[in-house]
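> Can you read through this structure? Questions will come right after.
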Amino acid sequence: MSEDKATQVYDTVVARNPGETEFHQATKEVLACIPPVLAKHPELAEHKVLERLCEPERQIIFRVPWTDDRGEIQINRGFRVEFNSALGPYKGGLRFHPSVNLGIVKFLGFEQTFKNALTGMPIGGGKGGSDFDPKGRSDDEIMRFCQSFMTELYRHIGEYTDVPAGDIGVGTREIGYLFGQYKRITNRYESGVLTGKGLNWGGALVRTEATGYGAVFFTQEMLRARGDSLDGKTCVVSGSGNVAIFAIEKIRQLGGTVVACSDSGGFVHDPTGIDLDLLKQVKLVERGRMADYAARKPGSVHSTTGRIWDIACQVALPCATQNELDGSDAKTLVDNGVVAVAEGANMPSTPEAVEVFLQAGIAFGPGKAANAGGVATSALEMQQNASRDSWSFEHTETRLGKIMASIHDECLAAAEEYGAPGNYVTGANISGFQRVSQAMVALGLV
Ligand code: NDP
């Protein structure tokens, strides 16, 4: 009966949102875990909680006109999907990447709702972005684009309404231009309206590092639960952006060696360990490519063919983008002796890959649990903004560590309670769902 309900809701999602394959994929995974909860709590079905959860509260699509450095007019499309505000103001990042469309933003907003619930903090779920491609654009072009984007977005956001942050293609530079334009239009220095701000204009220590550090803390917790640790482990981290760089930093601090990372132009295998200072110089300072890193690091090899997941490792952290690790990659990783995989990115493993990891019995941390440290630290930034305070790095990192340990324990406990011991996918989905659905019922039919 409960299975029928979940299938029926999924069929409706597919019919009502044609062509939005990533959104279908994300809802399918969550809905598959929910029947045992509905069986225990039939009132949730009466309140149509599943149907309501799969329909965003609000979807905003807007034109973003701007002028490039040659004086030519460019038109992009902007999105903000305000998915669920049962637990707090909508919260979730903005992504600037040519692949962005409504289905991708909806999948990210849906995931975000459960992730934010898992943190135990008062934040709802939302996501946004644009099909704008920042690659190769000058600072001035980025600024003009961000100003135009905010000229529409500002009317939909606010510290008690909707609080965007960064994601792919949106870092401190972009948040700065967005915040500057918000401040100018509204005539309010409303720090809590955006997170991921610079440290001298309302930002918080550890926010930059938080997603990567958090994913590694989560990995360490999964290994600890199995009497193991990251110390001495060979690791592969895909991507070389915000999440990947700080995952690599924390792995190194905990005694692991990262031998490969990537960007959309290929991957670098560096058997003696990625040189973090060089990586930061190339990626964060020069905004260069992994090929530039390889050209400057003797002994490393840059590949534009093959798969990063062919490199043997004990721990793998996909930290680039959705569906970057498929079933065949997962088999290779398992055959090569991987013991833990944690998703720094959102939904980087295909359903087939997840199945391979679960069948193999390795420790697998799904993104909505493993990468929740970013949004949790954003919520800490909001707390600091609200109290006009700023906390030390050590204090905030300790809080992040505790939050990740608590998410880990909660996932394990929910998985155990619902008959899937050790399955963090089931645990994360059920635990997040319980928290959001209880609030939705309490708030009535809204
Ligand atoms: P960045 O833009 O800083 O870095 C993204 C990295 O992934 C880059 O190395 C990029 O390469 C690579 N990448 C992006 N798209 C593709 C693609 N289609 N194919 C191959 N490589 C690709 O983004 P983040 O590090 O912030 O985000 C990475 C992931 O983590 C995303 O899934 C995001 O949703 C998720 N995440 C981010 C959080 C955050 O706090 N930033 C919080 C939680 C999750 P290139 O430069 O060549 O494009």
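The values are calculated or read from the model by the stated rules, or taken from the named source; none is laboratory data. As the structure is a computational prediction, the values presented were derived from the model and not from experiment. As a convention, Cβ positions derive from the backbone with ideal geometry for all residues, glycine included, and neighbour counts pool all protein chains shown.
> Before we move on, is V258 of a type in the set (A, V, I, L, M), within 16 Å of the ligand (Cβ to nearest atom), outside any helix (DSSP H, G or I) and closer than 25 Å to T398 by Cα?
Criteria met by V258.
> Could I ask something else about it? Tell me the residue from D162, D131, D139 that is among the acidic types (D, E) and under 27 Å from S387 (Cβ atoms), please.
D162
> Go through (1) surrounded by fewer than 24 Cβ atoms within 10 Å (Cβ to Cβ); (2) in contact with a Gly (Cβ under 7 Å, 6 or more places away or on another chain); (3) β-branched (V, I, T) one by one and return the number of the condition T208 breaks.
Tallying (1) surrounded by fewer than 24 Cβ atoms within 10 Å (Cβ to Cβ); (2) in contact with a Gly (Cβ under 7 Å, 6 or more places away or on another chain); (3) β-branched (V, I, T), T208 fails exactly one: (2).
> Here's another thing I want to ask about it. Test of understanding: among G227, G232, which residue is without any contact (Cβ under 8 Å) to a residue 24 or more places away in the chain and either surrounded by fewer than 23 Cβ atoms within 10 Å (Cβ to Cβ) or on the phi > 0 side of the Ramachandran plot (or both)?
Exactly one of G227, G232 is without any contact (Cβ under 8 Å) to a residue 24 or more places away in the chain and either surrounded by fewer than 23 Cβ atoms within 10 Å (Cβ to Cβ) or on the phi > 0 side of the Ramachandran plot (or both), namely G227.
> Counting only residues that are assigned to a strand (DSSP E or B) and out of contact with any helix residue (DSSP H, G or I) (no Cβ under 6 Å at 6 or more places or on another chain), which one in region 92-113 is surrounded by the most Cβ atoms within 10 Å (Cβ to Cβ)?
Only one residue fits best here, namely L94.
> Taking N76 and the conditions (1) farther than 25 Å from Y177 by Cα; (2) modelled with pLDDT of 95 or more, which numbered condition does it fall short on, given that it satisfies the others?
Against the list (1) farther than 25 Å from Y177 by Cα; (2) modelled with pLDDT of 95 or more, N76 comes up short only on (1).
> Can you name the residue in region 337-348 that is out of contact with any Asp or Glu (no Cβ under 8 Å at 6 or more places or on another chain) and assigned to a loop (DSSP other than H, G, I, E, B) and, of all such residues, is farthest from G239 (Cα to Cα)?
G337
> Can you find even one residue in region 149-158 that is in a helix (DSSP H, G or I) and either modelled with pLDDT under 95 or closer than 25 Å to E324 by Cβ (or both)? It would help to see each step written out before you state the result.
Keep residues of region 149-158 that are in a helix (DSSP H, G or I), which gives 149-156.
From what is left, the residues that are either modelled with pLDDT under 95 or closer than 25 Å to E324 by Cβ (or both) are none.
For region 149-158, residues in a helix (DSSP H, G or I) and either modelled with pLDDT under 95 or closer than 25 Å to E324 by Cβ (or both): absent.
> Give the number of residues within region 290-328 that are part of a loop (DSSP other than H, G, I, E, B), in contact with a strand residue (DSSP E or B) (Cβ under 6 Å, 6 or more places away or on another chain) and away from the ligand (no atom under 14 Å from the Cβ).
Of region 290-328, the ones part of a loop (DSSP other than H, G, I, E, B) are 297-300, 304-307, 311-314, 318-324, 326.
Next cut, in contact with a strand residue (DSSP E or B) (Cβ under 6 Å, 6 or more places away or on another chain) only: 300, 304, 311, 313-314, 318-319.
Going one step further and asking which of them are away from the ligand (no atom under 14 Å from the Cβ), we end up with 300, 311, 313-314.
Total meeting the criteria: 4.
> Tell me, please, whether a residue that is under 30 Å from A342 (Cα atoms), in the same structural domain as G256 (by TED's automatic domain parsing) and away from the ligand (no atom under 16 Å from the Cβ) can be found in region 202-220.
yes
> Mind telling me which of the residues E29, E3 ends up being over 30 Å from I142 (Cβ atoms), assigned to a helix (DSSP H, G or I) and modelled with pLDDT under 95?
Exactly one of E29, E3 is over 30 Å from I142 (Cβ atoms), assigned to a helix (DSSP H, G or I) and modelled with pLDDT under 95, namely E3.
> Pick from Y160, Y154: which is over 26 Å from A372 (Cβ atoms), of a type in the set (S, T, Y) and either touching a residue at least 12 places away in the same chain (Cβ under 8 Å) or in the same structural domain as T321 (by TED's automatic domain parsing) (or both)?
On the way: Y160 fails: over 26 Å from A372 (Cβ atoms).
Unique residue meeting the criteria: Y154.
> If I ask for residues that are closer than 23 Å to A312 by Cβ and within 11 Å of the ligand (Cβ to nearest atom), which ones from region 269-289 would you list?
Result: L279, single match.
> Here is a follow-up. So E141 clears everything in (1) more than 16 Å from the ligand (Cβ to nearest atom); (2) within 24 Å of A210 (Cβ to Cβ) except one condition, right? Which one?
Every listed condition holds for E141 apart from (2).
> If the Cβ limit is 9 Å and pairs must be 6+ apart or interchain, which residue in region 266-280 that is within 14 Å of I251 (Cα to Cα) and at pLDDT 95 or above pairs with which residue that is among the acidic types (D, E) and surrounded by 16 or more Cβ atoms within 10 Å (Cβ to Cβ)?
Matching pairs, first to second residue: L276/E249.
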